[in-house]
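The values are calculated or read from the model by the stated rules, or taken from the named source; none is laboratory data. Quantities reported herein were computed from a predicted structural model and do not represent experimental measurements. Please note: Cβ atoms are built from the backbone with ideal geometry, for glycine as well, and neighbour counts cover all protein chains shown.
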Amino acid sequence: MSGVRTLVVWCPDWPVVAAGLSDRPAAVLAAGRVVACSAIARAEGVARGLRRRQAEARCPRLVVVDRDPAAEARAFETVVVAVEAFTPHVEIVRPGLCAVATRGPSRYFGGDGALVARVAEAVDAALPPGAPACRVGVADGPFAAERAARRGLVVPAGESAAFLSGFGVSTLGNVDLADLLVRLGVRTLGQLAELPAPAVLARFGPQGGAAHRLARGLDERPLVARAAPLDLAVTAELDPPADRLETAAFVAKGLADRLHEALGARGLSATRVLVEAEWEDGERLGRRWRLDGAGGRTAGALAERVRWQLDGWMTGAGAGADRPSGGLTLLRLVPEEVGPDDGRQQGFWGGDRAAAERAARALARVQGMLGPDAVVVAVPAGGRSPAEQVRLVPWGEPPPPVPGPARPWPGRIPAPSPATVHPVPAPAEVTGARVSVAGGPWSAVAAWAGPWPVDERWWDVATHRRQARWQVVTADGTAHLLSQHADRWEVEATYD
């Protein structure tokens, strides 16, 4: 069975476009790494995943800004308005990417190809000057349609599986599962699709079953989702009308909590929510948001998306017709698609998943107040130095692909790990059996271990690094990790 015919609009480099930097060498950073860059920057060697120093080394005139998800969502309103001219049922997957079912629009406009051409023309006209042209694709299901959009293709009905067969398993977005599949010899989606579905489900669990469906060109979301009962919609009337974003966002937070609790009482979670607003002059606006993943289905995540949408409406980021002329009088959240909530039960091997869910809501609330980069989690990563072995990523965001921490790393410092890793290594002097840190008093070396020499990235002049590390214990009982590069010594970390 084929998936639902879906049209996806993808706007390349959207974080850069939303920041207004498409016409210059620019990069957008999150958690200290490049998440998007302009075409000019890519031409000079900048790529996603690079650290700021690495990106600036490749492009000295690079303009660097921090990621602003709210601004991205607000700016994307113009694109959604353009797509809405063809069908009102636009689903925002994330800022920069939206999807619609093509059954009705394709018939009206004369087929998928004609619809793609019209949508692309309308969206390009709505994009800011200098922004790269959008890409539009059609295939069976959102997953295949997104890949088709990135190539600007219309995949014939029933041929999505063949179209996806040549893509690598890394396309699934699950780094751990993709790494395991590659180690087992399954490198492409076509090879995965050829495996028996029961065997994949038994070996890899629900994640493997979902990946197998995607590889076969079926809908990204299994057909367990259903229309939510009408009584689950939550509504708030504002009297007096709200003309400030903060007031409207406060109401939205309360509605998101109410909806989350109502769904949780029935063992459900929303996967798609319609945000509806009414204004003083009687104007009504609505927008659909997709809530994917356990981190995206929390009350805090929903409230954040509603705030983004209200910000786009109340600041007039969309077309002129969508800009309200009065205050907000009514706000409604309608869960249009729900599924079983499997994240609130006790863990099979112990642990309280409900407590983890409460912690997730609290962290999402802090992110809503202070910004997404204000709450980060440590993720194990590959590398030889202590600073490389742990990476901080914003809470709720998937970590960027990194080399596996368990892989062999010749020259890696052995356990135990140091308690304190200095963000900026402190300069040191080493003479004979004495050490001075940052110009402080000299201390005798009581014990030492090493060296652990490394010669990394010898193929890249800009990032080549050759140094040695030593573990040193001074006479006063302090233990340091020293690094030596040429004739320069530094303290990278300190042990308890």
Practice item. Provide a single number: the residues in the stretch 409-441 that are surrounded by 14 or more Cβ atoms within 10 Å (Cβ to Cβ), free of Cβ contacts under 8 Å to residues at least 40 places away in the same chain and either of a type outside the set (A, V, I, L, M, F, W, C) or over 23 Å from Leu392 (Cα atoms) (or both). Key: 2
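Okay, residues lined up against (1) at pLDDT below 85; (2) of a type in the set (D, E, K, R):
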{"site": "Gly168", "(1), (2)": "no, no"}
{"site": "Thr171", "(1), (2)": "no, no"}
{"site": "His212", "(1), (2)": "no, no"}
{"site": "Asp219", "(1), (2)": "yes, yes"}
{"site": "Asp231", "(1), (2)": "yes, yes"}
{"site": "Arg258", "(1), (2)": "no, yes"}
{"site": "Ala262", "(1), (2)": "no, no"}
{"site": "Ala265", "(1), (2)": "yes, no"}
{"site": "Leu268", "(1), (2)": "yes, no"}
Check your understanding: Being more than 27 Å from Gly312 (Cα to Cα), touching a Lys or Arg at 6+ places or on another chain (Cβ under 7 Å) and not polar (S, T, N, Q), is that true of even one residue in the stretch 50-72?
Key -> yes
**Study point:** Filter result for Gly185 (part of a loop (DSSP other than H, G, I, E, B), modelled with pLDDT of 85 or more and more than 22 Å from Ala139 (Cβ to Cβ))
**Key:** yes
Review point. For the stretch 123-150, how many residues are under 13 Å from Leu7 (Cα atoms) and either touching a Lys or Arg at 6+ places or on another chain (Cβ under 6 Å) or among the charged types (D, E, K, R) (or both)?
Key: 6
Exercise for review: Just give me the residues in the stretch 130-179 being within 20 Å of the chain's Cα centre (by Cα) and on the phi > 0 side of the Ramachandran plot, in sequence order.
Suggested key: Gly173
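Quick one: count up the residues across the stretch 266-309 that are assigned to a helix (DSSP H, G or I) and crowded, with 21+ Cβ neighbours inside 10 Å. Talk me through it step by step, then tell me what you get.
Let us first name the residues in the stretch 266-309 that are assigned to a helix (DSSP H, G or I), namely 294-297, 299-309.
Imposing the further condition that a residue be crowded, with 21+ Cβ neighbours inside 10 Å reduces the set to 297, 299-309.
Of the residues in the stretch 266-309, 12 are assigned to a helix (DSSP H, G or I) and crowded, with 21+ Cβ neighbours inside 10 Å.
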Check your understanding: Is at least one residue of the stretch 245-265 aromatic (Phe, Trp, Tyr), outside any loop (DSSP other than H, G, I, E, B) and not assigned by TED's automatic domain parsing to the domain that holds Leu302?
Key -> no
Review point. Which of the residues that make up the stretch 382-405 are under 18 Å from the mean Cα position of the chain (by Cα), modelled with pLDDT of 70 or more and part of a loop (DSSP other than H, G, I, E, B)?
Key: Trp395
Practice item. Give the residues of the stretch 442-459 that are among the acidic types (Asp, Glu) and either closer than 13 Å to Ala479 by Cβ or surrounded by 14 or more Cβ atoms within 10 Å (Cβ to Cβ) (or both), sorted by residue number. Key: Glu456
Review point. What single numbered condition from (1) more than 30 Å from Arg213 (Cα to Cα); (2) at pLDDT 90 or above; (3) among the β-branched types (Val, Ile, Thr) fails to hold for Val35?
Key: (1)
